[in-house]
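Everything below concerns the one structure shown next.
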Amino acid sequence: MNAPTWQSQPIRVAVRSDVTIDVKANAAAVVVGQGNGVWYHDLHLTDEADVVALIGALQDGLVQMRSMRAQP
């Protein structure tokens, strides 16, 4: 994502205290990103609060993307 125009707060993943994820959105896409320079190819969320936080951030990102697409 070249220039995200909206970004969620970092979501700290309980499984590893050094891992955070966030959601970015622009008119083209909603992207789940990694934080703290930690690379993962499969992210296992075992804490329900982490799952709920990610769902909320994805929903917020979708709202932002739709809003940006609707602008002239």
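The values are calculated or read from the model by the stated rules, or taken from the named source; none is laboratory data. Everything numeric in this text was worked out from a predicted model, so none of it was measured. Glycine gets a Cβ as well: all are built from the backbone with ideal geometry, and neighbour counts include every protein chain shown.
Would you check if V52 is within 14 Å of S8 (Cα to Cα), hydrophobic (A, V, I, L, M, F, W, C) and touching an Asp or Glu at 6+ places or on another chain (Cβ under 8 Å)? Considered against the rule, which asks whether it is within 14 Å of S8 (Cα to Cα), hydrophobic (A, V, I, L, M, F, W, C) and touching an Asp or Glu at 6+ places or on another chain (Cβ under 8 Å), V52 comes out as no. Summed over segment 30-49, the residues that are surrounded by 12 or more Cβ atoms within 10 Å (Cβ to Cβ), closer than 21 Å to A14 by Cβ and of a type in the set (A, V, I, L, M, F, W, C) give a count of 4. Beta carbons closer than 7 Å, at least 6 apart along the sequence or on distinct chains, pair a first residue in segment 35-46 that is under 16 Å from V23 (Cβ atoms) and aliphatic (A, V, I, L, M) with a second that is assigned to a loop (DSSP other than H, G, I, E, B) and modelled with pLDDT of 75 or more for L45/V13.
Any chance segment 23-33 includes a residue that's outside any helix (DSSP H, G or I), modelled with pLDDT of 90 or more, within 11 Å of the chain's Cα centre (by Cα) and charged (D, E, K, R)? Checked against the condition, which is being outside any helix (DSSP H, G or I), modelled with pLDDT of 90 or more, within 11 Å of the chain's Cα centre (by Cα) and charged (D, E, K, R), segment 23-33 yields at least one hit.
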